[in-house]
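All remarks here apply to the structure that follows.
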Amino acid sequence: MILSEQVANKLKVLLSSLPSWKNLTNSQFVQHLAIFMGWTVEDANFKIERARQEAFIGTALNRSSLVAHAEDREYLPRKPKPSEGTILFTNAGPRPILLKRGREFVSDAQLPYTLGLKLLIPAQSKVTAPVTQYGKTSILHTVSEEKPFYEILINKELTPKVMALEVWVDSGDGFRKWEYSRLLTNAYRDSLVWDEFYHVSDQIGIRFGNGTFGKIPSQGAQVRIDIQYTDGDTLLLERQYLYPLEEVVDIAGVPASLNIEVATTIQNGQAQESTEEMRRNLHYWSVYNERLVWDNDYAYFIRRRFPEVVFVRAWGEEEAERLWGPKLEHINKIWICAYAPREGIVQDVMNAIEEVPMLCRNFQWYNPEHVSFTLKLTARVLSDKVLSEVDEDVRAALMRAYGRDSLYRRDKVLISEIYECIQSTGHFEKETGAWFEAVPEGNFEANLIYQMVSLDLENSQIQIAHLT
């Protein structure tokens, strides 16, 4: 029996025990009153259960509830990653043009794009340069009260686009940069530091210290928050045009004739962490929380900051002694080794790690050593299969699992997983009699911690034919 019927029957029983209601127990009025009370109690019970459901990470449905759980755990959702590509500058003028790094351009869709390096474009020449889809803006705020843990929130519309922050404070002697310190770690009473948090209102916020862990900004101080923002997952195809936000002049200061078009598609961006990503990551956040202690902590931290990283290793002096023998310079040193299919990843990774407050700041970058293996594959498929399509599908599946630049690459090369990978193409169902045999050759196992194993598909032997 459902709850509303139980309540209705219970109400009738209670009313029948009252002299003034006894004769009305079976009346239409009491019948409808009992139904109304039953529905009321069932509705209240449903709302209580829903509220209880929102109290747990695994069952919460509303994003606001998950964001509240995130704030309770000092969790920071992953920020968006900008799209990247290259653009072609054509200088049709008689004098060179000098463009500073960080010069902004805009597309027909009014999205900002920023130049990745300082560039000199000779007269009557063409030059290609990297560009990233992000813009810059600043927020000014006046400190209204001198109090511990003073907070400033960034507006809700801008928050999903924020990819980087810098905080400057003017206490009367000009703007000075304050440093980011996660959870105000290793901060003292006069430390010029700030922390970032994610507010229950779905807004990024910054928080200053309390006079013990970080300095309190004085009343009336001016705070400037410099923000880099991106639209994340955007696409700008080749041959599309960009336009400078400010007038371009040559080295003589004369307005220049400069044509800007996309050379390679600007793509591969990512939006801010989704609600379901947040739900999954919240389960494991307490294990990491940017406390970089174990090797897996570094791997998680780097992959989360830079999703394009496909290989990462970290080791300390114990592993270094096994690699190179005991040396004094190994003491209190951490080696970082990572690979991503783009330029600039070394500096980006090292800068990100340096931002995390830790007692050990003696980091050493180590370039990964690429080792490869080949595959000897012999296969037979049904006669109704198009061999070129089968070959293309097999190669695509192998490159997804073992390609050097694949975001889905597997760290270990196992025979069983190679077979599983090829089987997943759907061309080798057992009932059909189709079969294949795969034999890896070469270096398919990393012997050293900094070795990255990938498939050399170009030199692999793949022979696919029809069953006879």
Exercise. So what is the relative contact order for the chain, in percent, with contacts set as C-alpha pairs under 8 Å and at least six apart?
Worked result: 14 percent
Seminar exercise, completed: With all protein chains in place and a 1.4 Å probe, ASP393 shows an accessible area in Å² (nearest 10) of 60 Å²
Exercise. Any idea of the accessible area per residue across the chain, 1.4 Å probe, to the nearest Å²?
Worked result: 55 Å²
Exercise. Given the rule -39500 (n - 2.57) for each run of at least 4 DSSP H residues, summed and divided by the residues of the chain, what is its mean residue ellipticity at 222 nm, to the nearest 500 deg cm²/dmol?
Worked result: -8000 deg cm²/dmol
Problem set entry | Cα centre as origin, Lys/Arg/Asp/Glu Cβ charges: the stretch 392-468 dipole, Debye | 180 debye
Exercise. Roughly how many Å is it from the Cα centre of the stretch 164-202 to that of the stretch 328-353, as a whole number?
Worked result: 25 Å
For this session: Sort TRP168, TRP435, TRP365 from largest to smallest accessible area, using a 1.4 Å probe on the heavy atoms of the protein chains.
Result: TRP435, TRP168, TRP365
Exercise. Expressed as a whole percentage, what fraction of the accessible surface of the chain belongs to carbon and sulfur atoms when a 1.4 Å probe is rolled over the protein heavy atoms?
Worked result: 51 percent
Problem set entry | Under 5 Å, built H, 5+ apart or other chain: amide partners of MET163 | GLN228, TYR229, THR230
Exercise. For the stretch 110-127, in order, what is each residue's ³J(HN,Hα) by Karplus, 6.51 cos²θ - 1.76 cosθ + 1.60 with θ = phi - 60°, in whole Hz (x at glycine and Pro)?
Worked result: 6, 9, x, 10, 10, 5, x, 7, 6, 9, 10, 10, x, 4, 6, 9, 10, 9
For this session: Treat each spin label as a single point 7 Å out from the Cα along the C-beta direction, and report the SER27 to VAL386 distance in nm.
Result: 8.0 nm
Exercise. Length gain on complete extension for the stretch THR128 to ARG410, per 0.36 nm per residue less the alpha carbon to alpha carbon distance?
Worked result: 98.1 nm
Seminar exercise, completed: Full extension between SER218 and LEU235 adds, at 0.36 nm per residue less the Cα distance, a length in nm of 1.7 nm
Exercise. Given a 1.4 Å probe and the protein chains all in place, what does the accessible area of MET399 round to, in Å² to the nearest 10?
Worked result: 70 Å²
For this session: With 10 Å bins from zero, work out the P(r) of the stretch 1-140 over every alpha carbon pair and list the percent per bin.
Result: 9, 19, 13, 12, 11, 9, 9, 8, 6, 3, 1
Problem set entry | Residues with amide H under 5 Å from that of THR265, placed H, sequence gap 5 or more | GLU238
For this session: Considering the options TRP324, SER191, SER416, tell which one lies farthest towards the positive end of the dipole of the chain, charges being +1 on Lys and Arg and -1 on Asp and Glu at the Cβ, about the Cα centre.
Result: SER191
For this session: Can you sort ARG322, ARG305 by 1.4 Å-probe accessible area, starting with the largest?
Result: ARG322, ARG305
Seminar exercise, completed: Between the modelled labels at THR40 and TYR188 (7 Å from Cα along Cα→Cβ) the distance in nm is 6.5 nm
For this session: Kindly work out what percent of the DSSP beta bridges joining two residues of the chain are antiparallel, to the nearest 5.
Result: 80 percent
Seminar exercise, completed: Order by accessible surface, 1.4 Å probe, largest leading, for residues GLU318, GLU54, GLU417 comes to GLU318, GLU417, GLU54
Seminar exercise, completed: Once the dipole of the chain is set up from charges on Cβ (+1 Lys and Arg, -1 Asp and Glu), the residue from the list SER64, LEU111, MET37 lying farthest towards its positive end is MET37
Problem set entry | Rounded, prolate or oblate (a/c below 1.5 giving rounded, otherwise prolate when a/b exceeds b/c) for the stretch 345-466 by Cα gyration tensor | prolate
Problem set entry | C-alpha center-to-center spacing [the stretch 231-246, the stretch 71-122] in angstrom | 9 Å
For this session: Choose one of VAL349, ALA397, LEU382: the residue whose Cα lies farthest towards the positive end of the charge dipole of the stretch 347-403 (beta-carbon charges +1 Lys, Arg; -1 Asp, Glu; about the Cα centre).
Result: LEU382
For this session: Could you size up the charge dipole of the chain around its Cα centre, putting +1 on the beta carbon of Lys and Arg and -1 on that of Asp and Glu, and report it in debye to the nearest 20?
Result: 880 debye
Exercise. In nm, to one decimal, how far is the modelled label at ASN351 from the one at ASN332, with both set 7 Å along Cα→Cβ?
Worked result: 2.7 nm
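The values are calculated or read from the model by the stated rules, or taken from the named source; none is laboratory data. Only a predicted model underlies this, so the values are computations on that prediction, with no experimental measurement involved. All Cβ positions, even for glycine, are placed from backbone atoms using ideal geometry, and neighbour counts span all protein chains on display. To get the accessible areas, we keep the full protein, side chains included, count just its heavy atoms, and leave off ligands, DNA and RNA. Shrake-Rupley method; radii C 1.70, N 1.55, O 1.52, S 1.80 Å.
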